[in-house]
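Coordinate-derived values only; no laboratory data. Please read all numbers here as calculations on a predicted model, not as lab measurements. Heads up, the Cβs are rebuilt from the backbone with ideal geometry, glycines too, and the neighbour counts pull from every protein chain shown.
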Amino acid sequence: MAPLAAWGLVLLAATGRAQTLSEHVWSSVVWVLNGERTPLWGSLPEPVLTPAGAQQMFSQGALIRNRYLRENETELNTEFKPIVDIEGNAIDNSQLSILTNTDQFMVNSAQAFAQGLYPPILQAFAENNGGMDAARTPNGSIVNYPLGGYQYANMRTASVLDFESVWIGGHIGCTAYTESLLTFRADDIVETVYNNTLNFYQTLWAEVLHEVFPPSMANFGNAYLLYDYASFRYNHDNATRANVSEGEMAMMARFASTEQRNKNANLSVSGYNQGDMIRAVAGRTMASKTLSWFRENMRMAGATNKLNLAFTTLEPFVAFFALSGLIIGDHAADFKPLPEPGAMMVFEMFSISENATVYPDPEDLWVRFLYRNGTDENDILTPYPLFNGSEIKIPLATFLNGIQQFGVSTISQWCNLCDSISLFCQDLQGGYGGSGGSSSGSGSGGPSPVLAGVIGAAVTLLVAGILFLAAVAFGVVSFRRADDAKTRSATLGGFKGAEKMASDTDLAFAKSGARHERTGSWELRGGKGQEEGVKPTPAGVTVQSRDLTHPKNDDDDAISVYGQAPVKPREF
């Protein structure tokens, strides 16, 4: 009996130990679609976040707070999965990484989200921000932040001149991607959908679209632009609801989804290299950035990059759904519709152990993917299997291998893939800005020879300017106005705005002063004119398959606008 009793104690101990195992989240990467904004195509100078959009983002921030920071028993849309040692009340920016572009509606989306994540709180100060000592005055009183303890989150706002913008918008500035869209209407299936939906769009034009769109734009080639405008009107204007039925709006949403998948998730379309999946480039960079944030958390043994937030547009969502196999299989119905405003993709890296006192080895780490399409009460943050698998949680090594199958992990790789003329692509000979071999993050290498030359030239000009000003100050150089009209040019004007020359017809200027190339510019046709009625087919771009996906308007030139023969899309 004694041996049996001993074995019983061993089994009981083993059972008790097994019951103490629990999940410990070390890092989370959250990709957030902007909240509701005004239409891309309309009367306003630029799209802006609406009050409803700000509320959507605030609620998403509160949900993420409930999952990772502070449990709220009234929140039913997520479980409590606290991130190890993250500040739950006072924001510690050393633990966070927040990335967005410079669009107003995107920056404001990030701000509203951060308000929900770390709401105002009195007398709570993170230790890495100086703690209570930084708030205490000599007489012992405490000074709180304004607005009831408002908390300030650090954000990286990346313009198109910033290499970090590649990770949240890999399609922007990607020449090969833009050229591939010129072949959109060359797809026979797309052409069929275009023809079959033309009457539908012409009817809608008469009902609501005529206020801002010319009749030539009322077709499937602009499905997302049209839906974007109509849905905004439908949600804010009673007169529009009287003219447009709920069924018509559902049809517009369905066609817009099909168009977007064709433009951003058609994996069989190649750019300059066969099989490069150029239409899904936004998802390829987004996936690599996710992996990069995980790697940084591992490199710092969990001290940094605990919570990583990226705010972006539709393109990375739609592209990643295709790349990861989410739009096929048992859950395809959840990923074929367009992501709703405020939609979130969440990637969690966690371990399963008795405690979280020691950072785990890589082989002990797991990854889980979750998705919430929208911000309604019924929208649940739901886990899904990746890469056509069946398991909700997968080993980190499996996740790493899956991403490496299609990811674009360095700036130099993106520049070569896209044949981009972005300024940071001119500096690819060194490790500046994460180009070189660094993985989708900020590189630590010094300036390349090209950059060094630019810096040297700038310094030379600065010194020359100082010497010149000194010469003027001491009377060595003087100025005299030339009244002779012959000394002035009467033929050449400036290059911007009203002074743009007639030869510059292929260039447009946004209200911000930024220059944009039109889709039909001669630069994209090898400098040759286009015969009337001939569809443009850029050299090196091939269309092979019939996959589907979505496009994005990078700016006011709207690449999805076609003034010529429209494209024919197809339904899934």
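Note on N128/N401: beta-carbon distance plugged into 1/(1 + (r/R0)^6) with R0 of 60 Å gives a FRET efficiency of 0.95. Computed about its Cα centre, the charge dipole of segment 41-95 is approximately 120 debye, with only Lys, Arg, Asp and Glu carrying charge at their Cβ.
Computed extension length for A135-I392: 88.1 nm, one decimal, from 0.36 nm per residue of separation with the Cα-Cα distance subtracted.
Past 25 Å, Cα to Cα: identify those pairs from K81/K289; K263/K289; K289/K336; K289/K393; K306/K336, in the order given. In this structure, K306/K336 lie more than 25 Å apart at Cα.
Calculated from the alpha-carbon coordinates, segment 303-429 shows an Rg and a Dmax of 17.1, 52 Å respectively. Extending 7 Å from Cα along the Cβ direction at N235 and again at S43 yields two label points whose distance is 2.0 nm.
In segment 39-174, Cα pairs under 8 Å separated by at least six residues give a relative contact order of 26 percent. One decimal place: the segment A52-V358 gains 105.9 nm when fully extended, by the rule 0.36 nm per residue minus the C-alpha distance. By the scheme Lys and Arg +1, Asp and Glu -1, what is the net charge of all other residues having a beta-carbon under 12 Å from that of T290? In short, +1. Applying Stokes-Einstein at 25 °C and 0.890 mPa s to the Kirkwood radius of segment 156-295, computed over alpha-carbon pairs, gives a translational diffusion coefficient of 145 µm² s⁻¹.
Assuming 0.36 nm per residue, please report the length gained on full extension of the stretch D85 to V143 beyond their Cα-Cα distance. Full extension of this stretch gives 18.3 nm more. Annotation: segment 200-265 has a Kirkwood hydrodynamic radius of 11.8 angstrom, from the mean reciprocal C-alpha pair distance. Averaged over residues, the count of other Cβ atoms within 10 Å places the peptides 388-400, 315-327 in the sequence 315-327, 388-400, highest first.
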